[in-house]
Amino acid sequence: MKREIKFRAWDKVYECYLYDVQNAYDTLSGCVKDENGEDAGYDEECFAGFLDNDQYVVEQYTGLHDKNGREIYEGDIVRTGKDNIGDPEPMIGQVIMREGSWLIENEKMQEAIELFSEITSREVIGNIFENPELLEGKQ
């Protein structure tokens with residue numbers, strides 16, 4: 001099974017996400033996209049320009065989609081559904097990578113559950129940069 005590898009970057013200066021930052025240089029198109037799929041006008045010389053620059057926080061695509069078909073990235077804030085058979089209770093947490101597994105982590109409750117599940121729903125409700133209040137339970 002082939003897994004799609006792609007990254008987005010949070011620009012700390014302009015406070016926006018840039019999508020497909022790796023593919024722009026893998027294909028030599030040089031076109032980094034904004035959240036609407038439009039050319040964002042960035043001219044970093046290569047993907048390493050995003051990785052080695054304190055202006056950006058690079059986040060990886062998990063290869064999974066939420067219940068609405070939205071791609072789930074590291075740093076997204078995800079809510080588990082009330083229909084979740086395998087989870088103890090519905091929760092909200094940040095998508096992280098730990099020991100080779102994608103998890104939903106809720107630091108306040110000091111718990112983490114697996115992002116992937118065949119029997120439960122997941123929904124992206126925000127991300128750590130634009131919606132940090134969601135992790136504090138202030139929805």
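Nothing in this text is a laboratory measurement; each read-out follows from the coordinates by a stated rule. As the structure is a computational prediction, the values presented were derived from the model and not from experiment. All Cβ positions, glycine included, derive from the backbone under ideal geometry; neighbour counts span all protein chains shown.
Can you list residues from other chains, or at least 5 along the same chain, whose modelled amide H is less than 5 Å from the amide H of Asn127?
Ile77
Can you tell me the FRET efficiency between Lys2 and Ile119 if r is taken as the Cβ-Cβ distance and R0 is 22 Å, rounded to the nearest 0.05? Don't jump to the answer; show the numbers that get you there.
On the way: r = 25 Å, r/R0 = 1.13.
FRET efficiency, Lys2 to Ile119: 0.35.
Arrange the peptides 7-14, 107-114 so that the one whose residues have, on average, the most other Cβ atoms within 10 Å appears first.
Listed from highest to lowest mean packing, they are 7-14, 107-114.
5 Å is the cut-off here: which amide hydrogens, built 1.01 Å from N in the peptide plane, fall below it relative to Leu64, excluding neighbours closer than 5 in sequence?
Ile72
Could you give the distance between the Cα centres of region 49-68 and region 92-107, to the whole Å?
Between the Cα centres of region 49-68 and region 92-107 lies a distance of 14 Å.
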